[in-house]
Amino acid sequence: MTKDTNKTWRPATQLVHGGTTRSQHGETSEAMFLTQGFVYENAEAAESRFNGENPGFVYSRYANPTVSMFEDRIKMLEGAEAARATASGMAAVNLALMAAVKAGDHVVAAKALFGSCRYICETLLPRFGVESTLVDGTDIEQWKAAVRPNTKALFLESPTNPTLEIIDIAAVAEIAHSVGARLIVDNVFATPLFQSPLSLGADVVVYSATKHIDGQGRCLGGVVLSDEEWITDEVMPFIKHTGPHMSPFSAWVLLKGLETLPLRVAQQTSSAAKIAEFLAGQSKVTRLIYPGRDDHPQAEIAKKQMTGGSTMLAFEVDGDKEAAFRVLNALEIIKISNNLGDAKSLITHPATTTHQSIGEEARAELDISGGLLRLSVGLEDADDLIEDIEAALISL
């Protein structure tokens, strides 16, 4: 067995070759090990495998060769010591938070979170005796005021879903470390190509690999990245005993997705910037949010911690839900979906889908109006997408 692990490679090379393990057959594409368990030569070999004297695979709920390749490849890109893959992005978020806390602990999180992430912080963690406080993530003073001696984790998305706020990761990391807490960053919107939270001081990075990493609407997946000690001592026992591990098939699909990630994200970001420029000049668009523009509310922070804009943008149309629905229903190329990071351009009405569950009051606090639309830009021709949006805006 041979493994490609050259950490001096640049990202595009790492994403094609990094972590690849080849069998005695010397296959070109990564092998898919669709197996639940593994066979041992004798009883002594099984014992030594289980007690850790002889490293190796014992059960695919713990680890699997194909899944390990995916973990090794993405940890090289992220610059992390260790990574563990999960069955979905939300499994990764839940795993990271649950592994960081116990009853009696406290979590501080940014208010601008995906609806399911807010559910974990506001509803699930308190059931297990973990208090949570939500703050305006862009206000560093609120982070400082919220932390307590028993705060064990700070959690944020940047850029946020769906309003693409940019949170100063380095500043929040400093606050977390002042009380001995871990900073967990959901880096989905930035992708590992445009932002490296660990280099900014974060302790844990999570991804929904369902999004850009797959990028073609095929499977679910997630990943948690951090230091080796925390992954081994806290994350692995949780995976072993609760079962959120990624399937070998999903890992194989995601390995294929990583190979083309730089090409796809570069094209999508270029198109997103072009569409944002178009939308900025439309009278029927009352608000435009795109991290690559100087008029973004946190443009200076974005320039400091991100190396590119985003494949995502948000815009508000003149009117409320009814106006937004007219635009959605008039689109032809761009499809209505709650997913993102896909090769196909996808548009979402957050107030009635991804953020419906958080309630009207919370949506108002986050400035998620009835007229707000979130656009995930795909690989279609940017001019075709602009013409599609332009025609839809005529419906207003």
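The values are calculated or read from the model by the stated rules, or taken from the named source; none is laboratory data. All figures in this text were calculated on a predicted structure; none of them were measured in a lab. Please note: Cβ atoms are built from the backbone with ideal geometry, for glycine as well, and neighbour counts cover all protein chains shown. Only protein heavy atoms, including side chains, enter the accessible area calculation; ligands, DNA and RNA are left aside. Shrake-Rupley method; radii C 1.70, N 1.55, O 1.52, S 1.80 Å.
Numerical summary
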read-out: Residue within the range 143-165 that is assigned to a strand (DSSP E or B), of a type in the set (Ser, Thr, Tyr) and more than 20 Å from LEU366 (Cβ to Cβ) present; value: yes
read-out: Members of the range 294-314 found to be surrounded by fewer than 21 Cβ atoms within 10 Å (Cβ to Cβ), more than 17 Å from ASP139 (Cβ to Cβ) and among the β-branched types (Val, Ile, Thr), listed by number; value: THR307
read-out: Among residues of the range 315-338, those that are surrounded by fewer than 22 Cβ atoms within 10 Å (Cβ to Cβ) and assigned to a loop (DSSP other than H, G, I, E, B), counted; value: 8
read-out: Residues that are surrounded by 20 or more Cβ atoms within 10 Å (Cβ to Cβ) and either touching a Pro at 6+ places or on another chain (Cβ under 6 Å) or among the charged types (D, E, K, R) (or both), drawn from the range 242-274; value: ARG264
read-out: Pick from the range 132-170, criterion out of contact with any strand residue (DSSP E or B) (no Cβ under 6 Å at 6 or more places or on another chain) and charged (D, E, K, R), ranking: nearest to GLY371 (Cα to Cα); value: GLU165
read-out: The listed residue being over 19 Å from GLN268 (Cβ atoms) and either not in a helix (DSSP H, G or I) or not aliphatic (A, V, I, L, M) (or both), out of VAL235, VAL224; value: VAL224
read-out: Residue in the range 167-178 that is open to solvent by 10 Å² or more (accessible area, probe 1.4 Å), among the hydroxyl-bearing types (Ser, Thr, Tyr) and touching a residue at least 60 places away in the same chain (Cβ under 8 Å) present; value: no
read-out: Output for the range 362-392, where each listed residue is of a type in the set (Asp, Glu) and either over 26 Å from the mean Cα position of the chain (by Cα) or open to solvent by 70 Å² or more (accessible area, probe 1.4 Å) (or both); value: GLU365, ASP367, ASP381, ASP383, ASP384, GLU387, ASP388, GLU390
read-out: Subset of the range 79-106 [part of a strand (DSSP E or B) and in contact with an Asp or Glu (Cβ under 7 Å, 6 or more places away or on another chain)]; value: ALA82, ALA83, ARG84, ALA85, HIS106
read-out: Residue in the range 339-361 that is assigned to a loop (DSSP other than H, G, I, E, B), open to solvent by 20 Å² or more (accessible area, probe 1.4 Å), free of Cβ contacts under 8 Å to residues at least 60 places away in the same chain and among the polar types (S, T, N, Q) present; value: yes
read-out: Residue match in the range 192-210 (condition: over 20 Å from GLY79 (Cβ atoms) and not in a helix (DSSP H, G or I)); value: no
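Rundown of residues vs (1) more than 19 Å from HIS212 (Cβ to Cβ); (2) of a type in the set (D, E, K, R); (3) open to solvent by 60 Å² or more (accessible area, probe 1.4 Å), yes/no style:
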| position | (1), (2), (3) |
| --- | --- |
| ALA31 | yes, no, no |
| GLY52 | yes, no, no |
| ASN64 | yes, no, no |
| MET76 | no, no, no |
| VAL93 | no, no, no |
| LYS111 | yes, yes, no |
| GLY129 | yes, no, no |
